[in-house]
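Notes for the one structure printed next.
The values are calculated or read from the model by the stated rules, or taken from the named source; none is laboratory data. Predicted model, so just to flag it, every value in this text is computed and none were measured. Cβ coordinates were reconstructed from backbone atoms using ideal geometry, including for glycine residues, and neighbour counts include every protein chain displayed. When the accessible area is computed, the model is the full protein with side chains, heavy atoms only, and any ligands, DNA or RNA have been set aside. Shrake-Rupley method; radii C 1.70, N 1.55, O 1.52, S 1.80 Å.
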Amino acid sequence: ESFVRADFGMLINDNVSIHSRDNRFGGQNLPNVLNLGVSCDYLPRWAVDVDYDVIQNASSALSVNLNYQLSDRYRLLLYEQYDFDSLGTGNQASLETFLVVRRMLHNWVLDVGLHVEKATGEVAVIFGFGPAGWGVFRDNRRAGRR
């Protein structure tokens, strides 16, 4: 399939940026996808991303990604995606939720949490362990972010 993929980001100030990720246009037999979002990074204490996604003739969804430092050793990661217009029918629903508690262990990271896929009714337990510089759990759409 031939399509154009476009991403952009703009830093408003030291803590706030706007972005557009994973946009796709012009693919044969593929819908156009548009994303627009705002990131507020007040790290190390907290960071939040709010994204709005539109998939042509399919859906429009709002995603919120929160990273909050509970203490020097613990972080809370929360991701929620809410669909405003499923398949153009006007039906609204919460699509998925991630809730992860991250424990920092000197040079290692331990992640324990839940992933609830509400569209299919699936529930998964998240368990990750790895070097601190890599991070363990992350939303694939946020690859490359802190």
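Leaving ligands, DNA and RNA out of it, work out the accessible area of Ser63 with a 1.4 Å probe and give it in Å² to the nearest 10.
Estimated to the nearest 10 Å², Ser63 gives 0 Å².
Can you check what the net charge comes to around Ser60, using other residues whose Cβ is under 13 Å from the Cβ of Ser60 (Lys, Arg +1; Asp, Glu -1)? Walk me through the numbers on the way to the answer.
Numbers: positive: none; negative: Asp51, Asp53, Asp83, Asp85.
Overall, the nearby charge balance is -4.
Simple spin-label model, 7 Å along Cα-to-Cβ: His115 to Ala93 in nm?
1.9
Just to make sure I understand: if all protein chains stay in place, what is the order of Ile55, Ile126, Ile12 by accessible area at 1.4 Å, largest first?
Listed by decreasing accessible area, they come as Ile12, Ile55, Ile126.
For a quick check of understanding: with a 1.4 angstrom probe and all protein chains in place, what accessible area in square angstrom does Ser60 have, to the nearest ten?
Around 20 Å² of this residue is reachable by solvent.
Count charges around Ala124 for me, please; just the other residues with Cβ under 11 Å from its Cβ, Lys/Arg as +1, Asp/Glu as -1.
Surrounding charge for Ala124 is -3.
Roughly what % of Cα-Cα distances in the chain sit above 24 Å, to the whole percent?
Numbers: 4267 of 10585 pairs.
Cα-Cα pairs of the chain separated by over 24 Å account for 40 percent.
Roughly to the nearest percent, how much of the accessible area of the chain is carbon and sulfur, given a 1.4 Å probe?
Working: 5350 of 9150 Å².
About 59 percent, which is the carbon plus sulfur part of the accessible surface.
Determine the order of Met104, Met10 by accessible area, beginning with the largest, at a probe radius of 1.4 Å.
Met10, Met104
In square angstrom, rounded to the nearest 10, how much accessible surface does Val125 have for a 1.4 Å probe?
About 120 Å², rounded to the nearest 10.
Let me check against my output: what whole-number percent is the relative contact order of the chain, with C-alpha pairs under 8 Å and at least 6 apart?
Reported relative contact order: 12 percent.
With a sphere of radius 10 Å drawn around the Cβ of Met104, what net charge do the other residues whose Cβ falls strictly inside it have (Lys, Arg +1; Asp, Glu -1)?
Combined, the nearby Lys, Arg, Asp and Glu give +3.
Over the chain, give the accessible area per residue in Å² for a 1.4 Å probe, as an integer.
Result: 63 Å² of accessible area for each residue.
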